[in-house]
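The values are calculated or read from the model by the stated rules, or taken from the named source; none is laboratory data. The structure presented is a predicted model; accordingly, all values stated were derived computationally and were not measured. Methodologically, a virtual Cβ is constructed for each residue, glycine included, from the backbone with ideal geometry; neighbour enumeration extends over all protein chains shown. Quick note on the areas: whole protein, heavy atoms, side chains included, nothing else; ligands and nucleic acids left out. Shrake-Rupley method; radii C 1.70, N 1.55, O 1.52, S 1.80 Å.
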Amino acid sequence: MFETIFEPFRIHSVEPLRMTTPEHRREAIAAAGYNLFGLHADDVLVDLLTDSGTGAMSRDQWAAIQHGDESYAGSPSWYAFLAAVQDLFPFEHVIPTHQGRAAEKILFTAIGGPGKVVPNNTHFDTTRANVEYTGAEAVDLVIPEGHDPALEHPFKGNMDVDALDALLAERGAAHVPAVFVTVTNNSGGGQPVSLENLRAVRAVCDRYGVPLFLDACRYAENAWFIREREPGNGDRAVAEIVRELASLADGMTISAKKDPLANIGGWLATNDAELAGRCRNLLILTEGFPTYGGLAGRDLEAIAQGLRESVDHDYLRYRIRSTAYLGEGLLRAGIPIVRPVGGHAVYLDARAFLSHISPLEYPGQALAVALYEAGGVRGCEIGTVMFGRHPDGTETPAAMDLVRLAIPRRTYTQSHVDYVIEVCAAVAAHAHELRGFRIVEQPAQLRHFTARFERIGG
Ligand SMILES: Cc1ncc(COP(=O)(O)O)c(C=O)c1O
């Protein structure tokens with residue numbers, strides 16, 4: 001009935017933001033080698049680098065932290081965590097980790113290796129890196145619509161089921177240790193996957209006898225989209241839709257820093273006892289005993305409470321609406337974005353926006369730097385810097401060059417978002433003046449975190 005986005009919470013404790021000048025920001029980003037990850041966060045005004053671990057915890061999560069029991073083994077906090085996880089994801093074996101990539105590292109160490117291939121709708125960067133680190137191949141099989149930023153489609157994160165079938169037929173099930181589906185599809189624009197698509201993927205996996213895993217970081221946002229967009233789901237509780245998503249899979253990896261509303265944590269789950277045993281042994285090597293896995297008891301409690309809050313409809317309505325609001329503002333300012341707007345972020349189409357900068361001169365990086373210099377807004381390049389370099393050292397343009405403005409959960413207000421829209425519009429007015437970048441220093445893997453850049457033409 002009313003237009004205003006209603007934030008279903010009041011502010012209970014505040015964090016100051018330090019105002020900065022454009023001169024200060026230009027110096028700060030140059031000193032960071034034009035890598036947004038290299039900035040001191042005090043020099044950032046609105047931090048949209050990631051929605052990972054950056055959300056505001058609720059009063060009840062802080063209260064749960066006081067229940068944290070730090071027993072090394074069998075802590076009550078572990079049982080609270082396990083019950084909350086299994087309420088939404090009823091897998092038999094749950095293995096806690098300090099964050100999502102630790103779950104990936106353990107799982108792919110157990111099932112990956114040379115000669116293996118892991119299909120996914122789109123691998124997230126850490127997922128791809130962990131697959132490739134074992135010598136296995138990571139293959140992205142999102143539907144063709146998922147590659148066209150401007151095309152409207154309700155479930156652009158869907159897996160191309162025919163392509164999956166063809167890959168399994170060609171490589172043989174023995175070489176495919178698991179099929180992954182990422183919900184929502186972060187690297188493809190935060191786009192959801194439909195239940196219908198997941199059922200079809202399940203059927204292919206069954207036909208070849210290959211297990212299906214979810215990269216479930218944004219299960220609640222994906223389930224909200226299913227409720228909104230997939231016929232027959234409009235009256236269902238999000239928690240029930242999440243359980244159905246889980247029931248279609250044999251296991252999952254997740255970062256608790258996303259939809260579970262925690263600042264740290266993750267887990268790996270499976271119904272396969274033998275696999276769970278091998279993973280637990282790896283867990284003990286690097287993360288810790290299987291009832292805490294790299295987390296403090298208090299973290300386990302915060303995650304348990306966050307899981308319950310994550311499927312609240314008022315929260316999800318606000319969450320998805322406020323992300324769409326940013327997208328609508330950018331479109332009004334004439335800035336091309338991935339459409340429709342995803343769940344946790346708005347993705348600016350830097351390749352279309354800065355068509356005068358070739359992909360190998362990193363238009364996404366150029367745009368992300370410009371947003372920071374203009375208004376202290378920190379986004380994240382998701383394009384050729386992140387995905388362009390291959391294990392053999394060669395480089396090709398990524399499928400898309402995007403800048404992700406990820407929205408931390410329950411953290412910024414509508415006026416912060418209005419400010420971001422203004423900054424983007426100001427950059428758009430001078431877009432033709434922006435120049436590309438070259439990399440002057442980079443590591444062999446996950447280069448976007450630490451590479452240093454130089455602006456082309458000085
Ligand atoms: C889809 C997806 N998978 C895995 C991860 C890795 O999680 P973490 O950052 O907790 O290691 C992320 C993090 O952004 C993600 O978005």
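Computed values, structure above
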read-out: Residues of region 30-48 satisfying the condition of being within 16 Å of the ligand (Cβ to nearest atom) and either over 30 Å from LEU371 (Cβ atoms) or open to solvent by 20 Å² or more (accessible area, probe 1.4 Å) (or both); value: PHE37, ASP47
read-out: Long-range neighbours under 9 Å by Cβ, at least six apart or interchain, first residue more than 11 Å from TRP224 (Cβ to Cβ) and touching a residue at least 12 places away in the same chain (Cβ under 8 Å) within region 315-334, second among the basic types (Lys, Arg) and surrounded by fewer than 22 Cβ atoms within 10 Å (Cβ to Cβ); value: GLY327/ARG339
read-out: Residue match in region 70-93 (condition: more than 16 Å from the ligand (Cβ to nearest atom) and more than 26 Å from ALA269 (Cα to Cα)); value: no
read-out: Segments classed as helices (runs of 4 or more DSSP H), wholly inside region 326-431, with at least 2 members that are within 24 Å of PRO16 (Cα to Cα) and at pLDDT 95 or above; value: 363-375, 414-429
read-out: Unmet requirement for LEU268, which otherwise passes all of (1) open to solvent by 50 Å² or more (accessible area, probe 1.4 Å); (2) within 29 Å of ASN197 (Cβ to Cβ); (3) of a type outside the set (Gly, Ala, Ser); (4) not in a helix (DSSP H, G or I); value: (1)
read-out: Scan of region 134-165 for residues that are touching a helix residue (DSSP H, G or I) at 6+ places or on another chain (Cβ under 6 Å), open to solvent by 60 Å² or more (accessible area, probe 1.4 Å) and within 16 Å of ALA399 (Cβ to Cβ), ordered by number; value: LEU151
read-out: From the options LEU285, LEU275, residue that is modelled with pLDDT of 95 or more, surrounded by fewer than 18 Cβ atoms within 10 Å (Cβ to Cβ) and more than 16 Å from the ligand (Cβ to nearest atom); value: LEU285
read-out: Given (1) more than 16 Å from the chain's Cα centre (by Cα); (2) outside any helix (DSSP H, G or I); (3) crowded, with 24+ Cβ neighbours inside 10 Å, index of the condition ASP235 fails; value: (3)
read-out: Positions within region 94-133 being among the small types (Gly, Ala, Ser), touching a Phe, Trp or Tyr at 6+ places or on another chain (Cβ under 9 Å) and either within 12 Å of the ligand (Cβ to nearest atom) or open to solvent by 60 Å² or more (accessible area, probe 1.4 Å) (or both), in sequence order; value: GLY100, ALA103
read-out: Residue within region 252-260 that is farther than 14 Å from ALA103 by Cβ and of a type in the set (Lys, Arg) present; value: no
read-out: Inter-residue pairs, beta-carbon under 6 Å, first over 19 Å from LEU168 (Cα atoms) and in region 123-144, second more than 15 Å from the ligand (Cβ to nearest atom), 6+ apart; value: THR134/GLY112; THR134/GLY113
read-out: Some residue of region 229-241 being touching a Gly at 6+ places or on another chain (Cβ under 8 Å) and of a type outside the set (Val, Ile, Thr); value: no
read-out: Condition check for CYS205: within 21 Å of LEU405 (Cα to Cα) and at pLDDT 95 or above; value: no
read-out: Candidates GLY364, GLY375, GLY393, GLY334 - the one that is open to solvent by 50 Å² or more (accessible area, probe 1.4 Å) and either among the charged types (D, E, K, R) or farther than 22 Å from ARG101 by Cα (or both); value: GLY334
read-out: Any hit, region 239-249, residues being over 14 Å from LEU88 (Cβ atoms) and either buried (at least 21 other Cβ atoms within 10 Å of the Cβ) or away from the ligand (no atom under 16 Å from the Cβ) (or both); value: no
read-out: Single residue of ASP206, ASP259, ASP250 found to be over 17 Å from SER310 (Cα atoms), out of contact with any strand residue (DSSP E or B) (no Cβ under 8 Å at 6 or more places or on another chain) and acidic (Asp, Glu); value: ASP206
read-out: Residue within region 250-265 that is among the basic types (Lys, Arg), away from the ligand (no atom under 12 Å from the Cβ) and open to solvent by 10 Å² or more (accessible area, probe 1.4 Å) present; value: no
